[in-house]
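J.: One structure coming up, written as structure tokens, with questions to follow.
The values are calculated or read from the model by the stated rules, or taken from the named source; none is laboratory data. Everything numeric here is computed off the predicted structure, so don't read it as measured data. Please note: Cβ atoms are built from the backbone with ideal geometry, for glycine as well, and neighbour counts cover all protein chains shown.
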Amino acid sequence: MATEKKKKRASVTVDVRVPTKIAWRAITDEREMQIWFAQHVHVDLKKDGFYNFSGKYVPFLSYDENPEQKILEFDEDEMNLSFEWKLRTREGEIIDTVVKYRISPMNEFSRLDIDHIVGVDDLSDDDLRNLWTILLNGFVFHMEGASAWVRPEFTPRKSTDFQLEIWTAAHKEDVYQTLTTIEGIKAFFAPQVKEVKLEEGGMLDLGYDKLPILEFEENSKFAFGWREVAGEDPNLTVTWELKDEGNGTRISLHEGTFDEPIVLSSRPDYDGWAAVMNDLKRYLETRRHPIFLSILIEPFSER
């Protein structure tokens, strides 16, 4: 008798300041989904219909893959939708997962509840959190009319480094304080942070890793070694740079240099930093709790 594959469920709820019909349209309308979810979208909204999406913005699939995603449940009146989502593990295996959406009223606005059920060993917990942090920040930013956000491209592009950028309505001083103080780092990134010593030879103690501070310029730059986290790249550096742009700030994050060119989208830190930057924008502009830290992952059984 075959042993049933163990599963886990990632669950998260986000609030969005639009009526429920608008939120429902964002997860069912092809044009809306192309803005925040995927480059190419084709849907047939009925049970056993299809819910297909593909392109360079879809995590854990090659940009040129277009697998069929079957709708399992669809109830427009109750605003419930569940579908199969075929993903590719970091080892290259195609796996079946299930996603469940539920839209419900929250005062005069809406809430979106998501469950994503995967095999225990198919995707890491951080992979799941990065995936939904990127997608759901895009969903909320789009619904509430925010400016562009980070949409990392999952393509075969190789490089020895990468740079991600985002614009925020916050001023440089606020951004810099958020990036370089215990209170700020706790709020958007690492709630277990213990120390930020801004001095030559200083240390950033995230609570799970101690990282050397390499460079800092008030309201302009903050760089630290990513050595312990990176593992195989002992000289890796992460640099935040801030520049005035319009009535806000352009934030750039640079990570490098890798020992040799690598496929950027194959690294967890590539989509991980994209998730962090979107949660940073979310915190700076709305003071909402980061989505990454809101995602609960627990064992799942259908019995």
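J.: Taking the range 143-161, which residues are more than 13 Å from MET277 (Cα to Cα) and buried (at least 19 other Cβ atoms within 10 Å of the Cβ)?
T.: Listed by number, the residues that qualify are MET143, PHE154.
J.: Would you mind finding the one in ASP259, ASP244, ASP205 that is in contact with a helix residue (DSSP H, G or I) (Cβ under 9 Å, 6 or more places away or on another chain) and of a type outside the set (Gly, Ala, Ser)?
T.: ASP244
J.: Filter the range 268-303 down to the residues that are among the acidic types (Asp, Glu) and surrounded by fewer than 19 Cβ atoms within 10 Å (Cβ to Cβ), then identify the one that is nearest to SER252 (Cα to Cα).
T.: Among those residues, the one meeting the criterion is GLU285.
J.: Cβ-Cβ below 6 Å, separation at least six or inter-chain, first residue in the range 41-59 and among the aliphatic types (A, V, I, L, M) and at pLDDT below 95, second assigned to a loop (DSSP other than H, G, I, E, B) and crowded, with 18+ Cβ neighbours inside 10 Å: which pairs?
T.: From the range 41-59, the pairs are VAL58/ALA38.
J.: Here's a follow-up. Being hydroxyl-bearing (Ser, Thr, Tyr) and closer than 30 Å to LEU61 by Cβ is the filter here, so list the residues in the range 157-207 that pass it.
T.: SER159, THR160, THR168
J.: Just to be sure, is LEU123 of a type outside the set (Val, Ile, Thr), under 30 Å from ILE262 (Cβ atoms) and in contact with a His (Cβ under 8 Å, 6 or more places away or on another chain)?
T.: no
J.: Name the pairs whose Cβ atoms lie under 8 Å apart, with the first residue in the range 65-79 and closer than 20 Å to ALA38 by Cα, the second assigned to a loop (DSSP other than H, G, I, E, B) and at pLDDT below 95, and 6 or more positions between them or separate chains?
T.: Every condition considered, the pairs that remain are PRO67/LEU61.
J.: Also: Taking strands (runs of 3 or more DSSP E) that fall entirely within the range 151-257, which contain at least 2 residues that are out of contact with any Pro (no Cβ under 8 Å at 6 or more places or on another chain) and small (Gly, Ala, Ser)?
T.: 248-256
J.: What do you reckon, is ARG88 in contact with a strand residue (DSSP E or B) (Cβ under 7 Å, 6 or more places away or on another chain), basic (Lys, Arg), at pLDDT below 95 and surrounded by 15 or more Cβ atoms within 10 Å (Cβ to Cβ)?
T.: yes
J.: Just to be sure, is VAL14 crowded, with 16+ Cβ neighbours inside 10 Å and under 28 Å from VAL263 (Cα atoms)?
T.: In short, no.
J.: Would you please list the contacts, defined by Cβ atoms under 6 Å and residues six or more apart or on different chains, that run from a residue in the range 160-171 that is among the acidic types (Asp, Glu) to a residue that is not in a strand (DSSP E or B)?
T.: Pairs that qualify, where the first residue is among the acidic types (Asp, Glu) and the partner is not in a strand (DSSP E or B), are ASP161/THR257.
J.: Here is a follow-up. Looking at VAL263, VAL229, VAL175, VAL196 in this structure, which one is in contact with a strand residue (DSSP E or B) (Cβ under 6 Å, 6 or more places away or on another chain), modelled with pLDDT under 95 and of a type outside the set (S, T, N, Q)?
T.: The match here is VAL263.
J.: Next up: So, GLU165, is that one assigned by TED's automatic domain parsing to the domain that holds TRP226 and either modelled with pLDDT under 95 or surrounded by fewer than 20 Cβ atoms within 10 Å (Cβ to Cβ) (or both) or not?
T.: yes
J.: Something else about it: Only one of LYS21, LYS47, LYS6 is exposed (fewer than 14 other Cβ atoms within 10 Å of the Cβ) and either closer than 20 Å to ILE295 by Cα or within 21 Å of the chain's Cα centre (by Cα) (or both); which?
T.: Every option except LYS6 fails the conditions.
J.: Let me ask something else. Can you tell me how many residues within the range 97-124 are at pLDDT below 95 and either on the phi > 0 side of the Ramachandran plot or part of a strand (DSSP E or B) (or both)?
T.: 2
J.: Considering only residues that are among the charged types (D, E, K, R) and within 16 Å of ARG25 (Cα to Cα), which ones fall in the range 63-86?
T.: ASP75, GLU76, ASP77, GLU78 - these are the residues of the range 63-86 that are among the charged types (D, E, K, R) and within 16 Å of ARG25 (Cα to Cα).
J.: Related question: Return a yes/no flag: does the range 126-141 have any residue that is surrounded by fewer than 19 Cβ atoms within 10 Å (Cβ to Cβ) and more than 28 Å from THR97 (Cα to Cα).
T.: For the range 126-141, residues surrounded by fewer than 19 Cβ atoms within 10 Å (Cβ to Cβ) and more than 28 Å from THR97 (Cα to Cα): absent.
J.: Would you mind stating whether GLU241 is surrounded by fewer than 16 Cβ atoms within 10 Å (Cβ to Cβ), of a type outside the set (S, T, N, Q) and over 20 Å from the mean Cα position of the chain (by Cα)?
T.: When the stated conditions are applied, GLU241 does not pass them.
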